[in-house]
Amino acid sequence: MNFFDNDLTTIHNQLVNHELTSYELTKQTIEALKATDQKIGAFLTLDEENALATAKAIDEKGIDATNLLAGIPIAIKDNIMTKNLRTTAASKILENFTPVYDATVMEKVHANDLVVIGKTNMDEFAMGGSTENSAFKVTKNPWDTTKVPGGSSGGSAAAVSAGMVPFALGSDTGGSIRQPASFTGVVGMKPTYGRISRWGLIAFGSSLDQIGPFSRSVKDNAALLNVLVGEDKRDGTSVGGHEADFTAKLDAGVKGLRIGLPKEYLGAGVQQEVKDAILAAAAKYRELGATVDEVSLPHSKYGVAAYYIISSSEASSNLQRFDGIRYGVRAQDAKNLDDVYVHSRTQGFGPEVKRRIMLGMYSLSAGYYDAYFKKAAQVRTLMRQDFANIFKDHDLILGPVAPTTAYGIGEDVTDPLTMYAGDVLSVPVNLAGLPGLSLPAGFANGLPIGMQLIGKSFDETTLYQAGYAFEQATDFHKQVPTLGGND
Amino acid sequence: MAISKEQVSHVANLARLSFNDEELSQFTDQMSKITNMFNQLQEVDTTDVEPMTHVVDLVNVVRDDVPAPADPEERTALLNNAPDTEDGYIKVPAIFNNGEDSAE
């Protein structure tokens, strides 16, 4: 079983008509996945026994014909708390950690009868863009196993890209859903900040983090987002009152939509094939009846600096809880309490996580707060205003997700500045709290190119509408990596 | 503005991390380069610009402070995650260095 040839509606109809049970679907999914994942390395933990038991219970209860998601397998990024299922954030410090509760988003996953298959690999604590910062394994890009899948949600993206699962959840602090979606040729949504409760998401940058869905198609993505959103009393930053059916306008087309193309997003440093793909997408939108004109995000070049100051500052505070006392790994050579903290953290965190904690501590420390943290927060205001100015007379923004296609495993990992520069097109969306959708827009040398649609706050509906129109008018999403098999 | 090894060492102490000399040199070099990149922000005029620390307007969320019964199973599960326990408590080494690795 792979999910290349069977779209969700087809599988759903088979389940409803009793041509297939969720148990069979789950069993076939896991069997195929075990073989494929030997080549890809997308999963950290498989939950075979529970997945089969859950599927069986759903079969016994009966598949809800009105719920497209009922009985369908899903994979979960390993920084989302899953009750009784090991959750590590791909860090040695949480190697043995088993949550005693479900994240709010997991309660919603279970309430909608999705079947959790397992937990996916990621950059440690979601810090990175290649999944190479995982303490446990390297995940490979299904399109070319010498390339990275992107990150930090690289395992979730690769699992969907390789046809192992139809759905996965990821999290996006500075591009961690959109960039791996772009690198692996799948659809990934970073919803508006506040859309989905962060309760039970292991915190990295609390003013930036959002959970979001991966899928093979725009329509499936919208259907999954429908059930994940909503206000949650346990997350004071979650926002309700904007609930919409994200699939409602899928067929509405793009006639009359006003699309802005920021000139800064096609500037120096962006690979020629990526520029060409985005310009071709702009031409396609014009052909479909939208207007596309050049706009400017003048402060976007400061995004990387502002993002790394703010996210690292928040991370340095959030990661103080990992102290070797109440959970996680405790250093064995500690002679006193201070040793427990210092040795557990020093042994438990990987180099990138330490670097972020150090940068954050430095940016917040006495004497540097005004020059770094406060300055970055002011620039953030200006970046948000840049977007607001465009949205006065545009419905959405089109651009690349990342400056390049997937790079080689081991290529960038030694130089943090090169790695950070790759986030230039994805971090502004997080800083402004806006929704961003990544979807396939072309190929260069056999590697997928992703395009990014950025919308107004709480206007994911228009992103899906425009994404669907593009998808229906192109066939990029129909191409599949050969590695996943063609059975 | 280069960062000195002493500054990095001080920040490491604040962060409860320890580095050997080689790591300290490497971090000093990397942090100098990264903070140089941060310094680009100084060219932006932010006079009278309010800093933005959050996207949504935060309001206090309050609820009645009602004690809920502790679920014994949950308590056990929580303690199972602790590295060291004794009699239903989390055990840690002595706070002061008294030569004994003991919580007594």
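Derivation of every value follows stated rules applied to the coordinates shown; laboratory data play no part. Quick caveat: nothing in here was measured; it's all calculated off a predicted structure. Methodologically, a virtual Cβ is constructed for each residue, glycine included, from the backbone with ideal geometry; neighbour enumeration extends over all protein chains shown.
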Item to check | Calculated FRET efficiency for the pair B:ILE95/B:ASP21, C-beta based, R₀ 25 Å, to 0.05 | outcome: 0.30
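Remind me, what semi-axes does segment B:14-74 give for its equivalent ellipsoid, largest first in whole Å, using sqrt of 5 times each Cα gyration tensor eigenvalue?
Semi-axes (√(5λ), whole Å): 41, 29, 7.
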Checklist entry - Are there trypsin sites (Lys or Arg not before Pro) in segment A:249-334 that DSSP marks as loop and that have at most 14 other Cβ atoms within 10 Å, and which are they? => result A:LYS255
Checklist entry - In segment A:448-483, which residues have a backbone nitrogen under 14 Å from the label point lying 7 Å from A:ARG258's Cα in the Cα-to-Cβ direction? => result A:456
Checklist outcome for this item: CD proxy, 222 nm, chain A: helix-only mean residue ellipticity via -39,500 (n - 2.57) per DSSP H run with n ≥ 4, per residue, nearest 500, stands at -11000 deg cm²/dmol
Item to check | DSSP bridge orientation in the protein assembly as shown - percent antiparallel, rounded to nearest 5 | outcome: 70
Checklist entry - From a point 7 Å beyond the Cα of B:MET37 in the direction of its Cβ, which residues of segment A:169-184 have a backbone N at a distance under 20 Å? => result A:172-180, A:183
Next on the checklist: Report the per residue volume, in Å³, of the convex hull enclosing the C-alpha atoms of the protein assembly as shown.
Outcome noted: 159
Next on the checklist: Can you give me the angle between helix B:5-14 and the longest principal axis of chain B, using Cα atoms only, in degrees from 0 to 90, rounded to the nearest 10?
Outcome noted: 30
Checklist outcome for this item: Measuring from the longest principal axis of the C-alpha atoms of chain B, the long axis of helix B:21-38 (C-alpha) lies at a number of degrees, nearest 10, equal to 60
Next on the checklist: From the phi angles alone, apply the Karplus equation (6.51, -1.76, 1.60; θ = phi - 60°) to segment A:448-453 and give each ³J(HN,Hα) in whole Hz, x where the residue is Gly or Pro.
Outcome noted: x, 10, x, 10, 10, 10
Checklist entry - What do you get for Rg/Rh of chain B when both radii come from the Cα atoms and Rh is the Kirkwood radius? => result 1.16
Checklist entry - What is the spin-label model distance, in nm, from A:ALA268 to A:LYS61 if the labels are put 7 Å beyond Cα along the C-beta direction? => result 5.7
Checklist entry - Among A:THR82, A:THR482, A:THR98, A:THR146, which comes first, then next, by fewest other beta-carbon atoms within 10 Å? => result A:THR482, A:THR146, A:THR98, A:THR82
